[in-house]
Amino acid sequence: MSEYNAKNYTEQGGDVTHIGGKLIFEDGSSVEGLPSSFTPAENQAASEATTVEALKEDFNSLLAKLKAVGLMTADDDTNGTE
């Protein structure tokens with residue numbers, strides 16, 4: 001008898017499924033039950049910065065957009081940084 005350990009399996013009772021391998025969604029597939037409140041971040045145009053300072057401004061703008069929609073945690077204002 002051979003041993004086989006599956007990376008993807010459902011626990012007894014069917015309430016929990018473990019995905020240990022790659023999960024591929026083929027064309028036309030869908031997922032049910034995900035939160036419908038997902039909001040994509042506002043578009044960040046490609047940087048045309050010609051100075052480090054301008055690039056810093058573009059980068060900080062991207063960080064602010066990610067934080068605004070919850071894709072990145074907000075800054076901890078207790079340490080005095082923004």
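Contact annotation: residue pairs with Cβ atoms under 6 Å, 6 or more positions apart or on different chains, pairing a residue in the stretch 50-72 that is closer than 17 Å to Phe38 by Cα and of a type in the set (Lys, Arg) with a partner that is open to solvent by 60 Å² or more (accessible area, probe 1.4 Å) and outside any helix (DSSP H, G or I), are Lys65/Glu42; Lys67/Ala74. Just one residue in the set Glu26, Glu42 is open to solvent by 90 Å² or more (accessible area, probe 1.4 Å) and in contact with a Lys or Arg (Cβ under 6 Å, 6 or more places away or on another chain); that residue is Glu42. Taken over the stretch 22-58, the criterion of being farther than 29 Å from Thr73 by Cβ and within 24 Å of the chain's Cα centre (by Cα) is satisfied by Ile24, Glu26, Asp27, Gly28, Ser29, Ser30.
Among the residues of the stretch 48-69, the ones that are open to solvent by 60 Å² or more (accessible area, probe 1.4 Å) and part of a loop (DSSP other than H, G, I, E, B) come to 3 in all.
Going through the stretch 70-82 one residue at a time, which ones are part of a loop (DSSP other than H, G, I, E, B) and either at pLDDT 95 or above or not small (Gly, Ala, Ser) (or both)?
Restricting attention to the stretch 70-82, the residues satisfying the condition of being part of a loop (DSSP other than H, G, I, E, B) are 70-76, 80-82.
Those that are part of a loop (DSSP other than H, G, I, E, B) and either at pLDDT 95 or above or not small (Gly, Ala, Ser) (or both): Leu71, Met72, Thr73, Asp75, Asp76, Thr81, Glu82.
Could you tell me whether any residue of the stretch 42-49 is of a type in the set (Gly, Ala, Ser) and on the phi > 0 side of the Ramachandran plot? No, there is no match, as no residue in the stretch 42-49 is of a type in the set (Gly, Ala, Ser) and on the phi > 0 side of the Ramachandran plot.
Within the stretch 1-23, which residues are open to solvent by 100 Å² or more (accessible area, probe 1.4 Å) and part of a loop (DSSP other than H, G, I, E, B)? Spell out how you get there, then give the answer.
From the stretch 1-23, those open to solvent by 100 Å² or more (accessible area, probe 1.4 Å) are 1-5, 7, 9, 12, 15, 22-23; that's our starting set.
Correct list: Met1, Ser2, Glu3, Tyr4, Asn5, Lys7, Gln12, Asp15, Lys22, Leu23.
The values are calculated or read from the model by the stated rules, or taken from the named source; none is laboratory data. Small disclaimer: the values here were computed from a predicted structure and weren't measured. Cβ atoms come from the backbone with ideal geometry, glycine included; neighbour counts cover every protein chain shown. Surface accessibility is based on the protein's heavy atoms, side chains included, excluding ligands, DNA and RNA. Shrake-Rupley method; radii C 1.70, N 1.55, O 1.52, S 1.80 Å.
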